[in-house]
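Notes follow the structure.
The values are calculated or read from the model by the stated rules, or taken from the named source; none is laboratory data. What you are looking at is a predicted structure, and each value in this text was computed from that prediction instead of being measured. Every residue, glycine among them, receives a Cβ derived from its backbone with ideal geometry; neighbour counts consider all protein chains shown. Accessible surface areas use protein heavy atoms only, side chains included; no ligands, DNA or RNA. Shrake-Rupley method; radii C 1.70, N 1.55, O 1.52, S 1.80 Å.
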Amino acid sequence: MADPGRVLRRRRSPLQLALGGTLIALILVVEVLILRAYVDVSRTTAIFGRVTFLTGALVNVRHEMALLNAKAEELPTSRDLKGMEVRRGLLGQQLNQLEGLGEHDPLVAATLLKVGPDLRQVDQAIASAEARPTEANLRAEVARMRPAFRRLNVTLKDLYDKEEQAFFGALTGTLNARASSERLLVGFSSLVLLVGVALALSLRQRVRSDFARAWRALTAEVDERKAAEAALRASEERFRSLVQNSSDVITILDPDGSPRWHSESVRRVFGYDPERLLLHSDEWTLVHPDDRDRVAGFVAEAAMRPGVTAATTWRVRHRDGTWLHTETVAANLLDDPNVGGLVLNTRDVSERKQLEDQLVHQAFHDGLTGLANRTLFTERVEQALTTIGPTDVAVLFVDLDDFKHVNDSLGHAAGDQLLVATAKRLKSCLRPGDTAARFGGDEFAVLLERVTSRDAASAVAARVIDTLHQPFGLQGRTIPIKASVGLAIGRRGVEDADALLRNADVAMYAAKAGGKDRFEVFRPEMHADMVQRLELEAELRHAADRGELVLHYQPIVELASGRITRVEALVRWAHPTKGLLGPLAFVPLAEEQGMIGPIGRWVLDEACRQARCWQDRFPAAPPLSMHVNLSGRQLQQPGLIAEVAQALEACALEPELLTLEITETVLMADIDTVSQRLQDLKQLGVLLAIDDFGTGYSSLSYLRRFPIDMLKIDKAFVDGIGNGREDVALAHAIVNLSHTLRLHTIAEGIELPEQAANLAALGCQDGQGYHFARPLAPEAMTDLLEQTLAPGGFLLRPAEAVATS
């Protein structure tokens, strides 16, 4: 502001001096008034700033207290700890800003010095919990944080109360001073104007110029004062807007629990007009009926104890009729004369609740089928066994047989569809109180909680198998599915859940070992069988590497002449302690555990090598055709064609001297894939035979699709040839079918000379069985070939002429 003394710098007349002195005095009074108002406004603004930052700091501290109290029985997750760390950083910024505003205030400085150790204790606890999130450490660090936050709350609340009281006192003084100053300014401004006019008339043009500058300075001061007042009003409006536009609903309750005031956010959150809501006869009817008693207890407890309560949840009806999940924290301000009630801070947590419910469901249910998972199933079994009652508890383990064929042939999407359909069928077999679960892959389980007898549980197991027998429609195909089921029954209060589940699992494996597509009830001796099975499986994995697998060979004889024209390779396991084991003792286990691939490759390589050796040993004799069996899993492997080609190339064996045998059941498992694989094999030049023909369900149309060279008549048809006309007719039909399709026929399991003669008379070309020779070790087979293939050797039991009529 320009110095008014410049006007009187030169000597003037007494009138001029008097006018000038009066003007100076009046201007000084005005400046004092303006300065006083400015100081009051600045002081009020500083106190309000400290109150604002103290409010934010208290909200953060009380939020952490509410979170820790709400999780009194739970451990904070990593997400909770990260949130606490973020809010701790925000609290630090607020306290730093508070320190800047109260730089010369001893009360603020003392408070910040007092909260320092508690803040460091919270920082250390959060860092320790994130570094070692073990249960014990989390509980210890939560225990450290709770008292620190309580002390922070008390210290900051004390400073808040004092600053709030100072703010309202300063605000009242400022407003009073403003009114007084305005009245004085009006009077003094008029007087200054009159004196200024008189002085201007006496001081002429120069004085007028100096006074104009002084007047502009005075006007600027007044404008600054008005700007300060406007800033104060804006701050008040900002504080009010923050409350009204908060995402949380703030409600003030009278001491009797009736609502007195709602913030404007009640309209956005719940859809109600706050003023009309207060006119509602009973607002608590908006709370869900199941939650009203808990809400009443919450309000009563909040009214009886000071401070902030732990967060609690209840449901509130939205204006559109839907129920919202809310979380509420109460602050007891009954003793605060400015409030005189309970302050409820309520927020909508419906989305969080929905996410929590979804996560809980995912944690205890299978994502594909919606059935219970292993965790939930085990809990229900434990609960059922610990509940005392007159009935027993049964557990069924259900495993789909050969499910891998569906995945390999039709793809995993079709496999998933089959699993979903299986789950629906399982549920259709159960009572309302029973539980179906999926453990993963193609493994399912069923809990029967009220079992009156073993026969009743067995009936459910049989019903499950019968239900699954009904073909499934997948991708335009009809897929038959079979299952192996293990059943275990436990007594309430006696059996252990883990033991019952293990027994059902053992029974299920016993069903698979017994031929699949059946159920077995657990027996104590099954444990020993399972242990032996596991031991056998472990030993089988290394049998080929240890040289324990061997091939025996059974000759295939031309029935008309008795000459050995073919040899079938049959795998054996020379077990170090159990002796020589036949294929039924370990091949099904190898297929089930995925070990048939390496074993099959070894058999193919060794059989081709042996065929080459015999060809070199007997160069003058017609070369023998080597027959090798292929399993269903081998036929599904993409690398099969390369393996066969490599085996032939390694031994320089002609492809037409290798015959690969596939069972009828394997052929029909996946017609399209098998047909393509057989076509690829035929391109190599090898021969293909259907083994055990007549035991499956193939049709003539399908047989014509496959590039088959021979049919091997199953032993079941051969056994009855010497017993009656019906069995002879069946065998004759198969031979005629082979001739119609131009296929070579081989009869398996010939044990009697009459059977060989009758088959020869029917037109069957070749035969094999104990009548000719048992499977022989390579050395014994070589000796037999020496006797039959060498010049002058004997024929191997040529068929005799036995009448078939």
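For Thr422, indicate whether it is within 23 Å of Pro480 (Cβ to Cβ) and part of a loop (DSSP other than H, G, I, E, B). Against the criterion (within 23 Å of Pro480 (Cβ to Cβ) and part of a loop (DSSP other than H, G, I, E, B)), Thr422 does not qualify. Among the residues of segment 323-350, those that are assigned to a loop (DSSP other than H, G, I, E, B) and open to solvent by 70 Å² or more (accessible area, probe 1.4 Å) comprise Asp335, Pro337, Asn338. Yes or no: segment 351-367 includes at least one residue that is aliphatic (A, V, I, L, M) and either closer than 28 Å to Phe519 by Cβ or assigned to a strand (DSSP E or B) (or both). Within segment 351-367, none of the residues are aliphatic (A, V, I, L, M) and either closer than 28 Å to Phe519 by Cβ or assigned to a strand (DSSP E or B) (or both). Selection of segment 428-444 for residues being within 30 Å of Gln637 (Cα to Cα) and surrounded by 13 or more Cβ atoms within 10 Å (Cβ to Cβ) yields Arg438, Phe439, Gly441, Asp442, Glu443, Phe444. Restrict the check to segment 416-427 and report whether at least one residue is surrounded by fewer than 17 Cβ atoms within 10 Å (Cβ to Cβ), without any contact (Cβ under 8 Å) to a residue 12 or more places away in the chain and acidic (Asp, Glu). No, there is no match, as no residue in segment 416-427 is surrounded by fewer than 17 Cβ atoms within 10 Å (Cβ to Cβ), without any contact (Cβ under 8 Å) to a residue 12 or more places away in the chain and acidic (Asp, Glu). For segment 526-541, a residue qualifies if it is open to solvent by less than 50 Å² (accessible area, probe 1.4 Å) and more than 19 Å from Gly597 (Cα to Cα), and the qualifying residues are Met526, Met530, Arg533.
Only one entry in Leu279, Leu344 is hydrophobic (A, V, I, L, M, F, W, C) and modelled with pLDDT under 85, namely Leu279. Considering segment 616-647, and only residues there that are free of Cβ contacts under 8 Å to residues at least 60 places away in the same chain and over 49 Å from the mean Cα position of the chain (by Cα), the residue that is surrounded by the most Cβ atoms within 10 Å (Cβ to Cβ) turns out to be Pro623. Strands (runs of 3 or more DSSP E) fully within segment 508-599 that include at least 3 residues being in contact with a helix residue (DSSP H, G or I) (Cβ under 6 Å, 6 or more places away or on another chain), of a type in the set (A, V, I, L, M) and over 30 Å from Thr467 (Cα atoms): 564-575.
Determine, yes or no, whether Arg238 is assigned to a helix (DSSP H, G or I), at pLDDT below 65, out of contact with any Lys or Arg (no Cβ under 6 Å at 6 or more places or on another chain) and surrounded by 13 or more Cβ atoms within 10 Å (Cβ to Cβ). Taking the combined requirement at face value, the residue does not satisfy it.
Condition check for Gly367 on (1) open to solvent by 10 Å² or more (accessible area, probe 1.4 Å); (2) closer than 30 Å to Glu591 by Cβ; (3) at pLDDT 90 or above: one failure, at (3). Here Val398, Val406, Val381 are screened, and the one residue that is β-branched (Val, Ile, Thr), within 22 Å of Lys516 (Cβ to Cβ), at pLDDT 90 or above and buried (at least 21 other Cβ atoms within 10 Å of the Cβ) is Val398. Restricting attention to segment 277-322, the residues that are part of a strand (DSSP E or B) and either among the hydroxyl-bearing types (Ser, Thr, Tyr) or exposed (fewer than 14 other Cβ atoms within 10 Å of the Cβ) (or both) total 2. Give the residue, chosen from Leu624, Leu589, that is at pLDDT 90 or above and on the phi < 0 side of the Ramachandran plot. The conditions single out Leu624.
All conditions but one from (1) modelled with pLDDT of 90 or more; (2) over 23 Å from Ala621 (Cβ atoms) apply to Glu800; the one that does not is (1).
Of the residues Arg546, Arg572, Arg566, Arg502, the single one that is within 36 Å of the chain's Cα centre (by Cα) and not small (Gly, Ala, Ser) is Arg502. Checking each residue in segment 494-507 for being assigned to a helix (DSSP H, G or I) and closer than 20 Å to Glu449 by Cβ picks out Ala497, Asp498, Ala499, Leu500, Leu501, Arg502, Asn503, Ala504, Asp505, Ala507.
Would segment 497-519 turn up any residue that is over 23 Å from Val603 (Cβ atoms), open to solvent by 30 Å² or more (accessible area, probe 1.4 Å) and of a type in the set (Val, Ile, Thr)? No, segment 497-519 contains no residue that is over 23 Å from Val603 (Cβ atoms), open to solvent by 30 Å² or more (accessible area, probe 1.4 Å) and of a type in the set (Val, Ile, Thr). Against the list (1) in contact with a Lys or Arg (Cβ under 9 Å, 6 or more places away or on another chain); (2) without any contact (Cβ under 8 Å) to a residue 24 or more places away in the chain; (3) open to solvent by less than 70 Å² (accessible area, probe 1.4 Å), the condition Pro390 fails is (3).
How about segment 74-109: which of its residues are part of a helix (DSSP H, G or I), open to solvent by less than 60 Å² (accessible area, probe 1.4 Å) and either modelled with pLDDT of 75 or more or small (Gly, Ala, Ser) (or both)? Once the filter is applied, which keeps residues that are part of a helix (DSSP H, G or I), open to solvent by less than 60 Å² (accessible area, probe 1.4 Å) and either modelled with pLDDT of 75 or more or small (Gly, Ala, Ser) (or both), segment 74-109 yields Gly83, Gly89, Gly92, Gly100, Ala109. Within segment 662-693, being within 22 Å of Asn736 (Cβ to Cβ) and in contact (Cβ under 8 Å) with a residue 40 or more places away in the chain holds for Leu687, Ala689, Asp691, Asp692, Phe693. The single condition among (1) open to solvent by less than 50 Å² (accessible area, probe 1.4 Å); (2) touching an Asp or Glu at 6+ places or on another chain (Cβ under 6 Å) that Glu558 does not meet is (1). The set of residues in segment 251-276 that are more than 40 Å from the chain's Cα centre (by Cα), surrounded by fewer than 18 Cβ atoms within 10 Å (Cβ to Cβ) and either of a type in the set (Gly, Ala, Ser) or not in a loop (DSSP other than H, G, I, E, B) (or both) comprises Ile252, Gly257, Ser258, Arg260, Trp261, Glu275, Arg276.
Residues of segment 737-755 that are aliphatic (A, V, I, L, M) and touching a strand residue (DSSP E or B) at 6+ places or on another chain (Cβ under 6 Å): Leu743, Ile746, Ala747, Ile750.
Of the residues in segment 436-448, at least one is free of Cβ contacts under 8 Å to residues at least 60 places away in the same chain and either at positive phi or in contact with a His (Cβ under 9 Å, 6 or more places away or on another chain) (or both). Restricting Glu606, Glu592, Glu548, Glu568 to residues that are crowded, with 21+ Cβ neighbours inside 10 Å, acidic (Asp, Glu) and out of contact with any Ser or Thr (no Cβ under 6 Å at 6 or more places or on another chain) narrows the list to Glu568.
Listed here are the residues, each with its yes/no results for (1) modelled with pLDDT under 75; (2) touching a Gly at 6+ places or on another chain (Cβ under 7 Å); (3) buried (at least 18 other Cβ atoms within 10 Å of the Cβ).
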| position | (1), (2), (3) |
| --- | --- |
| Lys71 | yes, no, no |
| Ala148 | no, no, yes |
| Asp158 | no, no, no |
| Glu164 | yes, no, yes |
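Condition test on Val398, is it aliphatic (A, V, I, L, M), under 17 Å from Val521 (Cα atoms), touching a residue at least 24 places away in the same chain (Cβ under 8 Å) and part of a strand (DSSP E or B)? When the stated conditions are applied, Val398 passes them.
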